[in-house]
Amino acid sequence: MSFISVGIFANDSDEDMIVFLELLCEEIHVSAGLSFDLFIEDIPHALPITINYSKQTLQIYPNQGIPKWLIEFNGQQIEPGYPTILKNYLT
């Protein structure tokens, strides 16, 4: 299975942001100041994606089909779920 990068998503606000990956109902909760790379499964007609913005949320839709999504955060590739929490873990 191969994936295509669709972009880097950054939360430049002071509040948490939620990114909804449709049509699988996966959620990525992103703490303030963090970013992640988003990848979509390379299947026919998945691109271009559509991004709908609402206060502190993004809804990301494939063009057609129900592809798998993958994120890269802090050098790790993660299959998103319901929910996936991205936070700074400071020790």
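Couple of notes before you dig in:
- Hits in the range 1-22 - residues which are loosely packed, with under 12 Cβ neighbours inside 10 Å and either among the acidic types (D, E) or assigned to a loop (DSSP other than H, G, I, E, B) (or both): M1, S2, D12, D14, E15
- Residue among Q64, Q59 that is at pLDDT 95 or above and touching a Phe, Trp or Tyr at 6+ places or on another chain (Cβ under 6 Å): Q59
- Residue in the range 54-72 that is surrounded by 11 or more Cβ atoms within 10 Å (Cβ to Cβ), of a type in the set (D, E, K, R) and outside any loop (DSSP other than H, G, I, E, B) present: yes
- Consider the range 30-40 and keep the residues that are hydrophobic (A, V, I, L, M, F, W, C) and not in a strand (DSSP E or B). The one that is nearest to P80 (Cα to Cα) is L34.
- Verdict on I43 being modelled with pLDDT of 95 or more, out of contact with any Phe, Trp or Tyr (no Cβ under 7 Å at 6 or more places or on another chain) and under 17 Å from P83 (Cβ atoms): no
- Inspection of the range 82-89 identifies at least one residue that is surrounded by 17 or more Cβ atoms within 10 Å (Cβ to Cβ) and touching a residue at least 24 places away in the same chain (Cβ under 8 Å).
- Going through (1) touching a residue at least 12 places away in the same chain (Cβ under 8 Å); (2) part of a strand (DSSP E or B); (3) over 16 Å from Y82 (Cα atoms) one by one, E27 falls short only on (3).
The values are calculated or read from the model by the stated rules, or taken from the named source; none is laboratory data. Source: prediction; values computed, not measured. Please note: Cβ atoms are built from the backbone with ideal geometry, for glycine as well, and neighbour counts cover all protein chains shown.
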